[in-house]
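The values are calculated or read from the model by the stated rules, or taken from the named source; none is laboratory data. On a predicted model such as this, the values are computed, not experimentally measured, just so you know. Positions of Cβ are backbone-derived with ideal geometry, glycine not excepted, and every protein chain shown enters the neighbour counts. When the accessible area is computed, the model is the full protein with side chains, heavy atoms only, and any ligands, DNA or RNA have been set aside. Shrake-Rupley method; radii C 1.70, N 1.55, O 1.52, S 1.80 Å.
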Amino acid sequence: SDVCSSDLGEDDRRSDPEARIGGSVWAGIHLTIGSPYLLGLCLYVVLFSTTSTFLYFEQIEIVPRALSTPAERTTLFAALDLAVNLITLGLQVFVFQRFMAKIGLAAALVLLPLVSFAGFGVLGAHATLAVLVVFGVLRRAGEFAIAKPGRETLFNVLSRAEKYKAKNFMDTVVYRGGDAAAGWLVTSLKASGAGIGGIAFLALPLAAIWAGIGLWLARRHAQVAAAHQEGT
């Protein structure tokens, strides 16, 4: 289809893989705007960044209430980082390949939004340190071990220009812009009187949309890959 061929960048695929891509630093913006697939990827990244910021603001509210001294907080964060690293390593070594082979890319893209939906739901009802810790560890380990590798897979059907220019724009401007916008939103909500539970519940529709975008991206990835195989 016309849509698939535009995403594939056929001329770029036939070119010498060692040749310079060329173009200006603005090419990433133009490539992204012109591709529904890349726009969907941008939205996926923005929703991840936004929910991460929401969770960060929940953390800076809950942790000081539960742990009164800097030493206690430092110990907690060190333990959380260790847990995340160990779980991530275990998932990458023993789970990820089997997970992708049996369940597929769609599950990898939807897993983190579903974990976030459940986590924010429980956190909104019970804003405790224990809930925050379990949710935070599961979310970070899931991101590093499954969601991020799955997200990177989405780029393997794109042209070299889209991979390097559009991805760079996405990883910098889009991600940081979403982070900043979410920070302003949460600050405004807190200023208007919203509490921890309200902010957590606000993340629920965002997580649901995020999951839907993940499913759409997985289907689109399969379509583009199939169109490329037919053209070879």
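Some notes on this structure:
- Applied to the stretch 154-161, the Karplus parametrisation 6.51 cos²θ - 1.76 cosθ + 1.60 on θ = phi - 60° returns per-residue 3J(HN,Hα) values of 4, 7, 6, 9, 9, 6, 4, 4 Hz, with x for Gly and Pro.
- Sites Lys190 and Asp81, calculated FRET efficiency, Cβ-Cβ separation with R0 22 Å, nearest 0.05: 0.25
- Around the Cα centre of the chain, unit charges on the Cβ atoms of Lys, Arg, Asp and Glu (plus for the first two, minus for the last two) sum to a dipole of about 320 debye.
- Taken per residue, the accessible surface of the chain reaches 51 Å², heavy atoms only and a 1.4 Å probe.
- Positive dipole terminus of the chain, leading residue within Pro70, Gly28, Phe54 (C-beta point charges): Pro70
- Counting only DSSP H runs of at least 4 residues, each contributing -39500 (n - 2.57), and dividing by the residue count of the chain, the helix-based mean residue ellipticity at 222 nm comes to -25000 deg cm²/dmol.
- Total charge dipole magnitude, the stretch 139-223, about the Cα centre, Cβ charges on Lys, Arg, Asp, Glu only, Debye to nearest 20: 200
- Lysine pairs in the chain whose alpha-carbon atoms fall under 20 angstrom of each other, counting only those eight or more residues apart or on distinct chains, come to 4.
- Which of Ala161, Ala125, Val174, positive extreme of dipole for the stretch 104-178 (C-beta unit charges): Ala161
- Matching label, semi-axes √(5λ) of the Cα gyration tensor in Å computed from the structure shown, candidates (i) 32, 23, 21; (ii) 30, 21, 15; (iii) 36, 20, 16: (iii)
- Inter-site label distance for Ala208 and Asp179 at 7 Å from Cα along Cβ, in nm: 2.9
- Cα centroid separation - the stretch 87-138 against the stretch 167-232, whole Å: 16
- The accessible surface of the stretch 153-219, taken with every protein chain in place and a 1.4 Å probe, is 65 percent carbon and sulfur.
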